[in-house]
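Below is one structure, written out as structure tokens; the observations come after it.
The values are calculated or read from the model by the stated rules, or taken from the named source; none is laboratory data. Everything numeric in this text was worked out from a predicted model, so none of it was measured. Counting neighbours? That spans all protein chains shown, and the Cβs are built from the backbone with ideal geometry, glycine included.
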Amino acid sequence: MTLLTEWEMAGHLAAALGFGAVIGLERQWRARMAGLRTNALVAGGAALFVLLSQYGFLGAVSEVNYDGSRVAAQIVSGIGFLGAGVIMRDGLSVRGLNTAATLWCSAAVGCLAGVGLFVLAAFGTAGVVGANLLLRPLGRRLDREPRGGAEVSVDYHFEAVCPETEEAHVRHRLADALGRPGYRLREIRSQDGPVPGQVTVSALLTAEGEGCRALEEAVGNLSLDPSVSAVGWSVVPDPAG
């Protein structure tokens, strides 16, 4: 095995930090929890552990049965715990899976840079960034693609009941919950609620294809708001029959 000088090891570490930062730029730009610094630190930490496994125990190799690959294997397990920390459940959906997978890839890129496989690390970095940037619109297009080959627009009526003092807050929450790809929010209006002091905030939106799942997610999110006393949705009948 060719021994590296400390300056060469520092170069490997710098490369790992740089590759991780490139991956983190896209995450930071999209305002994800694990952004520029987190991905750079994950890649740099992985490189440090790999360098430690290669050169940190050279004096003990002749005395014990030493396998440096075990350290790299433990990096995978450790990143798994870190990735679990960014995965959250939001209603019926799970958020953070892509961020966790990106952290895992950053660790792999850091390991490659740590052992000096810079070309492969560069290709890995390009692959991760490309997947996050290029596959996102493709995935959204597939999600919006209606089943059966024909686009069917469905109108939905969504409403929430809250105190008059919380009307502005609930209108904002409602617009945020329903403003998602594939949905066109047509109007939001308020009217007197079922009892004095309350107001009913209603929204009319159009979805391409089946939108029940997303509406149930919005109901679940708004029902957790203490200012909302009732929330629900219904399909607006088609005037054409």
**Message:** Being among the aromatic types (Phe, Trp, Tyr) and over 18 Å from ALA108 (Cβ atoms) is the filter here; which residues of segment 1-58 pass it?
**Reply:** TRP7, TRP29, TYR55, PHE57
**Request:** Name every residue in segment 1-50 that is of a type in the set (Val, Ile, Thr), touching a Ser or Thr at 6+ places or on another chain (Cβ under 7 Å) and surrounded by 24 or more Cβ atoms within 10 Å (Cβ to Cβ), in order of residue number.
**Result:** ILE23, VAL42
**Asked** Considering segment 165-192 alone, what residues qualify as being modelled with pLDDT of 85 or more and either in the same structural domain as LEU138 (by TED's automatic domain parsing) or surrounded by 13 or more Cβ atoms within 10 Å (Cβ to Cβ) (or both)?
**Response** GLU166, GLU167, HIS169, VAL170, ARG171, ILE188, SER190
**Request:** Considering every residue within segment 78-101, establish whether at least one is surrounded by fewer than 17 Cβ atoms within 10 Å (Cβ to Cβ), within 24 Å of the chain's Cα centre (by Cα), modelled with pLDDT of 80 or more and of a type in the set (D, E, K, R).
**Result:** no
**First in segment 99-122 and assigned by TED's automatic domain parsing to the domain that holds ARG30, second anywhere and not hydrophobic (A, V, I, L, M, F, W, C) and not in a helix (DSSP H, G or I), Cβ under 7 Å, 6 or more apart** = THR99/ARG32
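Scan segment 143-158 for residues that are under 29 Å from GLU187 (Cβ atoms) and modelled with pLDDT under 75 and jot them down. Can you show your working first?
Step one: of segment 143-158, the residues under 29 Å from GLU187 (Cβ atoms) are 143-148, 150-158.
If the condition is that a residue be under 29 Å from GLU187 (Cβ atoms) and modelled with pLDDT under 75, then ASP143, ARG144, GLU145, PRO146, ARG147, GLY148, ALA150, GLU151, VAL152, SER153 are the ones that fit.
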